[in-house]
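**Student:** My questions will all concern the structure given below.
The values are calculated or read from the model by the stated rules, or taken from the named source; none is laboratory data. Remember, it's a predicted structure, so these values are computed and weren't measured experimentally. Reconstructed Cβ throughout: ideal geometry from the backbone, glycine too, with neighbour counts over all protein chains shown.
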Amino acid sequence: MARSRSAAYVLSAVTVLVTLVTALALDAGPAAASATDSVSRGSATTFSPIGCWDASVTTASGSSEPVRLVFSRRSQLVIVAPDGTFGGTWHSTGAKTFTFAFTRTLPGDDGTVIGSIRISHSATFTSADAFTSTGIATGYDLNGNQLFTAPVSSTATRA
């Protein structure tokens with residue numbers, strides 16, 4: 001099962017990356033994002049998450065999983081995780097801060113979908129090529145009833 005899950009992750013990641021490279025190229029406008037997409041304004045430097053990031057996400061239980069985050073210029077976000085690909089949005093909140101949010105499926109013990117998890121993060125750049133974030137994950141059953149709320153965190157580096 002681990003091998004097929006890894007193969008599915010790689011296939012999913014390749015599919016998403018091809019799609020997003022196209023999307024990023026289409027919405028990049030005249031100037032595409034650089035590897036360290038930042039802009040100096042006077043003495044302040046403004047960082048941007050636009051591009052691909054490799055992250056480790058940690059849940060309240062202490063478990064971690066690797067994810068790929070892709071931020072587009074049009075505030076769209078795609079997350080490629082071992083158990084699926086999920087979409088969301090992001091917004092700049094300051095020179096070195098931003099928020100992002102997405103919804104992912106909530107699997108039951110047997111792997112069937114039993115609801116969804118809405119996840120919101122507040123992120124702070126530690127450099128132009130790294131950020132950390134903290135947030136809240138809220139789980140819902142298929143009828144929209146809240147099941148849980150738990151803290152989440154992540155660390156990411158530009159891919």
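**Student:** Quick one: P107 ticks every box in (1) surrounded by 14 or more Cβ atoms within 10 Å (Cβ to Cβ); (2) over 16 Å from the mean Cα position of the chain (by Cα); (3) at pLDDT 95 or above except a single one, so which number is it?
**Tutor:** For P107, the exception is condition (3).
**Student:** Exactly one condition in (1) touching a Pro at 6+ places or on another chain (Cβ under 9 Å); (2) buried (at least 18 other Cβ atoms within 10 Å of the Cβ); (3) small (G, A, S) is not met by G88; state its number.
**Tutor:** Of (1) touching a Pro at 6+ places or on another chain (Cβ under 9 Å); (2) buried (at least 18 other Cβ atoms within 10 Å of the Cβ); (3) small (G, A, S), only one is false for G88: (1).
**Student:** Just to be sure I understand the filter: pairs with C-beta atoms under 8 Å, separated by 6 or more residues or on different chains, first member in region 105-132 and free of Cβ contacts under 8 Å to residues at least 40 places away in the same chain and small (G, A, S), second member outside any strand (DSSP E or B) and surrounded by fewer than 16 Cβ atoms within 10 Å (Cβ to Cβ). Which pairs pass?
**Tutor:** From region 105-132, the pairs are G115/L142.
**Student:** Do you know which residues across region 37-62 are at pLDDT below 95 and within 24 Å of G135 (Cβ to Cβ)?
**Tutor:** Applying the first criterion (at pLDDT below 95) to region 37-62 yields 37-46, 59-62.
If the condition is that a residue be at pLDDT below 95 and within 24 Å of G135 (Cβ to Cβ), then D37, S38, T46, T59, A60, S61, G62 are the ones that fit.
**Student:** Check G144, G139 and return the single one that is at positive phi and free of Cβ contacts under 8 Å to residues at least 40 places away in the same chain.
**Tutor:** One residue alone meets the criteria, G144.
**Student:** I'm checking my understanding of the structure. Among residues of region 62-85 that are free of Cβ contacts under 8 Å to residues at least 24 places away in the same chain and part of a loop (DSSP other than H, G, I, E, B), which one is surrounded by the most Cβ atoms within 10 Å (Cβ to Cβ)?
**Tutor:** Checking each candidate, the answer is S75.
**Student:** If you don't mind, another one. For region 90-134, name all the residues that are more than 21 Å from G51 (Cα to Cα) and assigned to a strand (DSSP E or B).
**Tutor:** Selection gives T105, L106, P107, V113, I114, G115, S116, I117, R118.
**Student:** Return the residues of region 83-140 that are under 20 Å from S72 (Cβ atoms), out of contact with any Lys or Arg (no Cβ under 7 Å at 6 or more places or on another chain) and among the hydroxyl-bearing types (S, T, Y); say none if nothing qualifies.
**Tutor:** Answer for region 83-140, where residues must be under 20 Å from S72 (Cβ atoms), out of contact with any Lys or Arg (no Cβ under 7 Å at 6 or more places or on another chain) and among the hydroxyl-bearing types (S, T, Y): T85, T89, S92, T93, T97, T99, S120, S122, S133.
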